[in-house]
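Let me begin by presenting the structure, written as structure tokens, before commenting on it.
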């Protein structure tokens, strides 16, 4: 009886033109829908970055600064002459590439976090004040942003390094100065719209002070956008830090950073590619993951785009 009902149901489906997909196709579609709703792979990569940065000391099998000429350019473990003692090989100075990758992740994480936090606070504050105040305050802040964005950042950074020397403190200042400007224009445009909303007018009529209006009524309306901008800006900060380290203007040696590892290994690409390729691949994976996560946050926080995703 049950078999007959199943067969009749299948016949009815055939007559109606309904076709069931194979189980593999259904699983692939379910996986695709899940990946659209949740950035699984980017979050795994970013989680690995945070984990590596926080626990670089216990995870690193060797001292990131120690090397030896006898272990120079040891191949990764999967090569015939490779060794499990250095799973990703060694660089031109005999230093373990895997250990230096872990501590390079810590530098990238610290630089991006501190610079982005300061840039987030400064840029969002300036954008809200500019959009809400208008008049000469808006004009001054807008012109400051225009002038700063017109300056070539790499040239300014190189001049600062020549004047004050390489240091982590100077690098953090340079990254923070790069991080704040992307927030100002977008937050300002949203503030111009929000300040004309009826609930903001009611707050003014009720006698609320300007700081209270900005914090309690304007800030909640722009914080979602600021979070998206912050996520997209982190990738640019990591690329900027890598570029400065590549040019010799980043964190002073022998502290490992991904950019300095690429710079140090580029002269040996023909004989040993792994000291350059692995940190370059790490930069690529982290920046792409941050961009994907920023796009996902933008889609989830925007009600119109969220309807399309659902």
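The values are calculated or read from the model by the stated rules, or taken from the named source; none is laboratory data. The structure presented is a predicted model; accordingly, all values stated were derived computationally and were not measured. As a convention, Cβ positions derive from the backbone with ideal geometry for all residues, glycine included, and neighbour counts pool all protein chains shown.
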Kindly check whether there is at least one residue in region 207-227 that is within 30 Å of residue 260 (Cβ to Cβ) and modelled with pLDDT of 85 or more. no
Taking the stated definitions as given, is residue 98 within 30 Å of residue 234 (Cα to Cα), assigned to a helix (DSSP H, G or I) and in contact with a helix residue (DSSP H, G or I) (Cβ under 6 Å, 6 or more places away or on another chain)? no
Kindly establish whether residue 98 is over 20 Å from the mean Cα position of the chain (by Cα), farther than 22 Å from residue 185 by Cα and free of Cβ contacts under 8 Å to residues at least 24 places away in the same chain. no
Reported set for region 214-241 where residues are over 30 Å from residue 39 (Cβ atoms) and crowded, with 18+ Cβ neighbours inside 10 Å is 214, 217
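Tally time: how many residues in region 33-56 are assigned to a helix (DSSP H, G or I) and surrounded by fewer than 15 Cβ atoms within 10 Å (Cβ to Cβ)?
Of region 33-56, the ones assigned to a helix (DSSP H, G or I) are 33-37, 40-54, 56.
Keeping just the survivors that are surrounded by fewer than 15 Cβ atoms within 10 Å (Cβ to Cβ) gives 33-37, 40-41, 43-44, 47, 50-51, 54.
The total comes to 13.
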Taking region 57-74 and keeping only residues that are at pLDDT below 85 and either over 28 Å from the mean Cα position of the chain (by Cα) or in a helix (DSSP H, G or I) (or both), one is left with 57, 66, 67, 68, 69, 70, 71, 72, 73, 74
Would region 294-305 turn up any residue that is over 22 Å from the mean Cα position of the chain (by Cα), within 25 Å of residue 39 (Cα to Cα) and surrounded by fewer than 18 Cβ atoms within 10 Å (Cβ to Cβ)? yes
In this structure, is residue 191 more than 30 Å from residue 45 (Cβ to Cβ) and either touching a residue at least 60 places away in the same chain (Cβ under 8 Å) or in a helix (DSSP H, G or I) (or both)? yes
